[in-house]
1. Taking each pair of distinct Cα atoms in the stretch 55-108 once, what is the resulting Kirkwood hydrodynamic radius in Å?
2. Round to the nearest 10 and report in Å² the accessible area of Thr35, as given by a 1.4 Å probe over the protein chains' heavy atoms.
3. Within 10 Å, at most 12 other Cβ atoms, and a DSSP state outside H, G, I, E, B define an exposed site. Report the longest part of the chain free of exposed GluC sites (Glu not before Pro).
4. Within the accessible area of the chain, what % is carbon and sulfur when the probe is 1.4 Å and the other protein chains stay in place?
5. I'd like the Karplus ³J(HN,Hα) series for the stretch 120-130: coefficients 6.51, -1.76, 1.60, θ = phi - 60°, whole numbers in Hz, and an x wherever there's a Gly or Pro.
6. Could you please tell me the mean projected area of the C-alpha convex hull for the chain, averaged over all directions and given in square nanometres to one decimal?
7. Could you compute the FRET efficiency for Ala39 and Arg125, with r as their C-beta to C-beta distance and R0 at 25 Å, rounded to 0.05?
8. Using Cα-Cα distances under 8 Å and only pairs 6 or more residues apart, what relative contact order does the stretch 36-132 have, in percent?
Amino acid sequence: LVEPYQAFVEVDTALLRPTGLTQGQFDVIATLGNTEGFAMRELSAKTLIAKGTLTGVVDRLEKKGLVTRATNPEDRRSFLVALTAEGEELFQRVFPEHLERLGALFVGVDDARLDALREDLVALREEMIREA
């Protein structure tokens, strides 16, 4: 499992290099795109970035002018993170191209095989959760 993941990260990192974003920063931009934003806890769960690490990622994106962070009116102990207009423009420009480039990596794999791989990975995850 680790070897294919590492290969994917290596390719993904190379694709992201021209954007000036790290993989974590891109994950946040991609998750926030076309949304009203999320509370930090939700954003952490959706991106699988630990809350402590996510704070630093959001700090850097905020300094770049790509996200805003505001007190959550429903829970003043938490923050809502959303894309700025510049962040949304970046998302609209970069995300579709990024998906296309990643999709090109799987051109030689037919849909039935991809579906089987997804099912196997979901089953493995569920089994690991059950055993934990």
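The values are calculated or read from the model by the stated rules, or taken from the named source; none is laboratory data. Bear in mind the structure is a predicted one, so any value in this text is a computation, not a measurement. Neighbour counts are summed over all protein chains in view; Cβ atoms, including those assigned to glycine, are modelled from backbone coordinates with ideal geometry. Surface accessibility is based on the protein's heavy atoms, side chains included, excluding ligands, DNA and RNA. Shrake-Rupley method; radii C 1.70, N 1.55, O 1.52, S 1.80 Å.
1. Details: mean 1/r = 0.0770 Å⁻¹.
Hydrodynamic radius (Kirkwood, Cα only) of the stretch 55-108 equals 13.0 Å.
2. Here the residue's solvent-accessible area equals roughly 50 Å².
3. On the way: sites that count: Glu36, Glu74.
It works out to 75-132.
4. That fraction is 56 percent.
5. After applying 6.51 cos²θ - 1.76 cosθ + 1.60, I find 5, 5, 5, 4, 4, 4, 4, 5, 5, 5, 4 Hz.
6. Details: hull surface 39.3 nm².
Seen from a random direction, the Cα hull of the chain projects 9.8 nm² on average.
7. Values: r = 24 Å, r/R0 = 0.97.
For Ala39 and Arg125, the calculated efficiency is 0.55.
8. Values: 59 pairs, mean separation 21.0, N = 97.
Reported relative contact order: 22 percent.
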